[in-house]
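A.B. asks: Below you will find the structure I want to go over with you.
The values are calculated or read from the model by the stated rules, or taken from the named source; none is laboratory data. Everything quoted here is computed from the prediction, not taken from an experiment. Neighbour counts are summed over all protein chains in view; Cβ atoms, including those assigned to glycine, are modelled from backbone coordinates with ideal geometry.
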Amino acid sequence: MREAKHYRGVTGFFDTHAHLYDKRFAEEGMTPDEVLLRASQAGVTRILIPADNLQTSIEAVDYRNAHDGEHGVALYASVGFHPHEAKDYTKDAEEQLIKMLDRNSRKDNGILALGEIGLDYYYDLSPRDVQRSVFVRQLELARELDIPVIIHERDATGDALDILRDAWNRGILRENPGVCHCCSMSAEAAGEMVKMGFYIGVDGPLTFKNNRKTPEVVRNTPVDRIVIETDSPYLTPEPNRGITNGPEFVPFVAVKLAEILNMDIEEICRITACNGLRMYEVK
C-alpha cells in the first residue's frame, strides 16, 4: 500500500465532500458552530467543502476562511462548475476561477481542487453538449493550473469515460488527477478510473440496502484508492435516512466500508483519511 510516512500519525475521519454552505443547514436552524461541533464529536477532523458554480465557489471559500479550525476541524475548499451549472460557464467566470486558483490564493484560502466538474444526464439541467465542452475545458484548466479535480458523473458513464480517456491520451490528466465523487459507476468502469489515477469516493448510498453496485466497486478497488464522504446535506446514510445529512454521519459510511472489506474500523478511518490527504496533496 502506498502511504507517505508523514501521514502515519493521522487521526480522525476525513469527510472529503460536504456542502457546508448549503442553505438547508440554516433553514433547519443549524449554525456552522453546531455543524462543526457535531462533526468533531463524531471524530471528524477534516472536511473539504466543494463548489458547483461561481457563487458557491465564493461561499465555500468564505465558509472555510471563517470557520477553519473550529472545534478542531480543519476545513478545505474547492472551486468549479458542476454540470448542472455548465450553461453559466462564461469567459468571465473562468477568469474569476483562475484568480481563485492562483497558487498564492489557493494557499491562503485552503483550495485543494477544481470541482465539482463532470456530466449529469439524469437531470439534464444544462444541455449535454455544453456539459461536455465545459467538462473538457475544466479538465484542461486543472492541468494548466496543476490541481486535482472532483468528478461528478450521473447516468453519463460512457461519455465521461470517453472524455477522460481522450484527456489521458492527450496528456491532460495529472499523475494524481483527483476523485470520482459519489461513484455510481460499475466496478469495471471504476476500475478504469483507478487505472487512470483517480480515487473513488463513497458515501451514503454505500449503506443503502438495495445498492449492490457500490459494494462491488469497493470490493474491486484497492483500499488505498478509496475516500469517504457525505455529500451533505444530501445522501444521508442508513440508519439516518429521512433527516438532513451532515459530516457527523461519515462514520456510518466508514463502518459499512469496513464491514464490506472485513477490516477494522479504526484502520479504515486511518487509511481513508491518509488517502484523502494524499489525493488532495495536503502537506
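A.B. asks: If a residue must be buried (at least 16 other Cβ atoms within 10 Å of the Cβ) and not hydrophobic (A, V, I, L, M, F, W, C), how many such residues does segment 9-42 contain?
C.D. replies: Of the residues in segment 9-42, 10 are buried (at least 16 other Cβ atoms within 10 Å of the Cβ) and not hydrophobic (A, V, I, L, M, F, W, C).
A.B. asks: Let me ask something else. Among the listed residues 88, 146, identify the single one that is out of contact with any Gly (no Cβ under 6 Å at 6 or more places or on another chain), touching a residue at least 12 places away in the same chain (Cβ under 8 Å) and under 23 Å from residue 278 (Cβ atoms).
C.D. replies: 146
A.B. asks: May I pose another question? Considering 174, 132, which residue is outside any helix (DSSP H, G or I), surrounded by 15 or more Cβ atoms within 10 Å (Cβ to Cβ), in contact with a strand residue (DSSP E or B) (Cβ under 9 Å, 6 or more places away or on another chain) and at pLDDT 95 or above?
C.D. replies: 174
A.B. asks: If you scan segment 184-202, which residues turn out to be touching a strand residue (DSSP E or B) at 6+ places or on another chain (Cβ under 9 Å), over 15 Å from residue 276 (Cα atoms) and not small (Gly, Ala, Ser)?
C.D. replies: 185, 193, listed by residue number.
A.B. asks: Moving on. Scan segment 152-171 for residues that are out of contact with any helix residue (DSSP H, G or I) (no Cβ under 7 Å at 6 or more places or on another chain), under 16 Å from residue 126 (Cβ atoms) and buried (at least 19 other Cβ atoms within 10 Å of the Cβ) and jot them down.
C.D. replies: Those that are out of contact with any helix residue (DSSP H, G or I) (no Cβ under 7 Å at 6 or more places or on another chain), under 16 Å from residue 126 (Cβ atoms) and buried (at least 19 other Cβ atoms within 10 Å of the Cβ): 156, 160.
A.B. asks: Same structure again: So, in segment 48-65, of the ones that are in contact with a Ser or Thr (Cβ under 8 Å, 6 or more places away or on another chain) and outside any helix (DSSP H, G or I), which residue ends up surrounded by the fewest Cβ atoms within 10 Å (Cβ to Cβ)?
C.D. replies: Checked segment 48-65; the qualifying residue surrounded by the fewest Cβ atoms within 10 Å (Cβ to Cβ) is 49.
A.B. asks: Which one is surrounded by the most Cβ atoms within 10 Å (Cβ to Cβ), of the residues in segment 90-129 that are of a type in the set (Val, Ile, Thr) and over 15 Å from residue 58 (Cβ atoms)?
C.D. replies: Here the answer is 117.
A.B. asks: Report, by residue number, each residue of segment 149-182 that is free of Cβ contacts under 8 Å to residues at least 40 places away in the same chain and of a type in the set (S, T, N, Q).
C.D. replies: 157, 169
A.B. asks: Cβ-Cβ under 7 Å, sequence separation 6+ or interchain: first residue in segment 44-63 and within 18 Å of residue 247 (Cβ to Cβ), partner assigned to a helix (DSSP H, G or I) and of a type in the set (Val, Ile, Thr). Which pairs?
C.D. replies: 44/250
A.B. asks: While we're here: Looking at (1) closer than 28 Å to residue 36 by Cβ; (2) assigned to a helix (DSSP H, G or I); (3) among the acidic types (Asp, Glu), find the lone condition where residue 216 falls short.
C.D. replies: Tallying (1) closer than 28 Å to residue 36 by Cβ; (2) assigned to a helix (DSSP H, G or I); (3) among the acidic types (Asp, Glu), residue 216 fails exactly one: (1).
A.B. asks: Okay, moving on. Within the bounds of segment 255-278, is there any residue that is in a helix (DSSP H, G or I), more than 12 Å from residue 16 (Cα to Cα), at pLDDT 95 or above and touching a Ser or Thr at 6+ places or on another chain (Cβ under 6 Å)?
C.D. replies: Looking through segment 255-278, at least one residue is in a helix (DSSP H, G or I), more than 12 Å from residue 16 (Cα to Cα), at pLDDT 95 or above and touching a Ser or Thr at 6+ places or on another chain (Cβ under 6 Å).
A.B. asks: Then there is this: Return the total of residues in segment 188-213 being surrounded by fewer than 20 Cβ atoms within 10 Å (Cβ to Cβ), among the hydrophobic types (A, V, I, L, M, F, W, C) and not in a helix (DSSP H, G or I).
C.D. replies: 2
A.B. asks: Filter segment 228-254 for residues that are part of a helix (DSSP H, G or I) and acidic (Asp, Glu) and give the result.
C.D. replies: 248
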